[in-house]
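Below is one structure, written out as structure tokens, with a few remarks after it.
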Amino acid sequence: MKYKSQKVAYWFFALSMLLFGLQLVYGFIMGFAHVGLDGLHNIIPFNTARAVHTNLLIVWLLSGFMGAAYYIIPEEAQRELVSVKLAYVQLISLALVGVAAIVGYHLNYWEGRKLLEIPRELDYLVVVNVLLFLGIILTTLFKGKRRTTTALVLSMGLLFAALLYLPGMIPFDSQVKDSFFRWWVVHLWVEGVWELIMGGILSFLLIKLTGVDREVIEKWLYVIVGLTFLSGVLGTGHHYYYIGVNKIWLIVGGIFSALEPLAFLAMALFAVNMYRKGEKKHPNKLALYWTLGAAIVSFLGAGLLGFAHTLPQTNLYTHGTLVTAMHAHLAFWGAYAMIVLAIISYSLPNMTGRKLYESTRGRIAFWLSNIGMIGMTVAFGVAGVVQVYMERKFKMEFMQAQKEVEVHFIVLILCATLFTTGIILYFIDFYKHGRPTDEALETLSN
Amino acid sequence: MLSKKQARAFFLGGTAVTFLIFIGLTIYSFSKAQDQSNEGNITEAVVRGKKIWEDNNCMGCHTILGEGAYYAPELTKVIERRGEGYIKAVLMTPVDWAPNGRKMVAYGFTQEEAEDLIAFFDWIDDIDLNGFDTVVSPLAKDEN
């Protein structure tokens, strides 16, 4: 760690880990409900568990991204954050809005719009919170000694993510329009600007971990985010095939979303090549595992599995089935969860001064969580394909088909247990690093 | 070999062009002649129904237009499959509805609320879904 204010990141990461843990609890509630064990139905019905599970994911990832920005921007801009106090205010308000939303979901206080369930009143607080965050980051960058591509791409991603939240707040009487503009937020976040954030973090980590020249890494960063937008923006069309908008989206969405895996493939190849090319290997092997893992698994989950049901001819049958859950789990895990875990693994020893670079626990955490998540993805995939055939080919009743796929949810729960064990080990590692301290400040530049 | 400047131009140029096309297509698909979203038939009851749908996060279990949570049935074309009487019974029952053991929250809606929701489903059913309705609509129809 080179600047004292980078320590703020630690608390964003800690909040992130807390919410991640809670997210898993609600995931299990849903998994058990799918096999008929719904004892909590009266307190936490499925729709509550679902809203909490997905919203916690979004908030913990955002908290992770914010932590990443608070860590990366000072180092890239070569100056302290403009205000540490305001950063803490932002952290606390983020936590409070998150907690209020989650408590609300248990009291039927929400807006039932998939993934954007936060009620309108709290939306405004989210906007204020994000403005404060952006204010701190952008002012720091502006006042900094240098403006690197890595910092610009990361900040641009964060800024656009904030701007794109707004279309989701426009009220519509039509369910079709509501859905259409909801995807402006959700799709353009996860298959657009969040990839800028991911790219920015990935670039920073590769510069630090491989020692490859910044100019080379940042040049390819531009190419990758360029590919992402070239395919991802019009790729939004894959959400528009069957929701009541014009047929033009079948063609546009079909072609451009079929190109989306290229951006992820480029990202995976880029990360692996930079690692191979690098001569100065950083001793933090765990951070390297998570970094390369993120690039590779995001290609599998977001790229390949997304492609598996993105063509209109396939999507006609898979739209609105568990096949979507299959893709979503591995995509979010690979692209976003793993990159947050990567930046945490890299920055934690630097902030706390405890260089637990090669812990066995850390390695087991990496492998267990990945194997568990791949198992979960397979379970969802099999359940989804069976559901498609039974319901949409053989015209079986919804619940009849659900009974048939119950067994796959048992497999899902078993794999989720493996995954959770890995994550618990990661939490233990996080805890064992201790608190951030000014004693961890280094003067050497790398 | 590609320079950093060229790479940046590729990123900025590509993004600007695709985003402009995206905005253009959005305007095109909601223009009067191309709109297939059944906008003209939205009544006050449909709007009230949509609000009830959102206030209770029905999408947190069901899917509609193929969007939702895959825990409970798709509700596009539900009136055609089940009939209004069945739907009203589900919406107004004071005890958990639990077909095949999977429970739905007992919302105990009033007659008016149930009718608003049915108006909403009815409106959904007349949207041109590019063929998705043919995949979901015959589902339970064969069973009835």
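Details
Quick grid of which residues meet (1) closer than 24 Å to residue A:70 by Cβ; (2) surrounded by fewer than 18 Cβ atoms within 10 Å (Cβ to Cβ); (3) modelled with pLDDT under 95; (4) in contact with a helix residue (DSSP H, G or I) (Cβ under 9 Å, 6 or more places away or on another chain):
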site	(1), (2), (3), (4)
A:153	yes, no, no, yes
A:161	yes, no, yes, yes
A:164	yes, no, yes, yes
A:167	no, yes, yes, yes
A:172	no, yes, no, yes
A:175	no, no, no, yes
A:183	no, no, no, yes
A:191	no, no, yes, yes
A:199	yes, no, no, yes
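- Single condition residue A:318 does not satisfy, out of (1) of a type in the set (Ser, Thr, Tyr); (2) touching a residue at least 12 places away in the same chain (Cβ under 8 Å); (3) surrounded by fewer than 17 Cβ atoms within 10 Å (Cβ to Cβ): (3)
- Exclusive hit being of a type in the set (Val, Ile, Thr), farther than 30 Å from residue B:64 by Cα, within 12 Å of chain B (Cβ to nearest Cβ) and buried (at least 23 other Cβ atoms within 10 Å of the Cβ), set A:225, A:216: A:225
- Qualifying positions in region B:9-43 - at the interface with chain A (Cβ under 9 Å from one of its Cβ atoms) and β-branched (Val, Ile, Thr): B:15, B:17, B:18, B:21, B:26, B:42
- For region B:44-59, the condition holds for at least one residue, the condition being that it is crowded, with 17+ Cβ neighbours inside 10 Å, among the aromatic types (Phe, Trp, Tyr) and facing chain A (nearest Cβ under 7 Å).
- A single entry from A:254, A:235, A:278, A:244 fulfils the requirement of being within 13 Å of chain B (Cβ to nearest Cβ), in contact with a Gly (Cβ under 7 Å, 6 or more places away or on another chain) and not charged (D, E, K, R): A:235.
- Output for region B:107-144, where each listed residue is at the interface with chain A (Cβ under 10 Å from one of its Cβ atoms), closer than 30 Å to residue A:39 by Cβ and modelled with pLDDT of 90 or more: B:107
- Filtered by the rule that a residue be assigned to a helix (DSSP H, G or I) and facing chain B (nearest Cβ under 10 Å), region A:391-409 gives A:391, A:392, A:393, A:398, A:399, A:400, A:401, A:402, A:403.
- Test: residue A:373 is among the aliphatic types (A, V, I, L, M) and within 14 Å of chain B (Cβ to nearest Cβ): no
- Only listed residue being farther than 30 Å from residue A:214 by Cα and either β-branched (Val, Ile, Thr) or in contact with a strand residue (DSSP E or B) (Cβ under 9 Å, 6 or more places away or on another chain) (or both), chosen from A:84, A:89: A:89
- Residue match in region B:75-98 (condition: outside any helix (DSSP H, G or I), β-branched (Val, Ile, Thr), surrounded by 14 or more Cβ atoms within 10 Å (Cβ to Cβ) and at the interface with another protein chain (Cβ under 10 Å from one of its Cβ atoms)): yes
- Single residue of A:230, A:196 found to be more than 9 Å from chain B (Cβ to nearest Cβ) and of a type outside the set (S, T, N, Q): A:196
The values are calculated or read from the model by the stated rules, or taken from the named source; none is laboratory data. The structure displayed is predicted, hence computed values, not measured ones. Neighbour counts run over all protein chains shown; Cβ positions are idealised from the backbone, glycine included.
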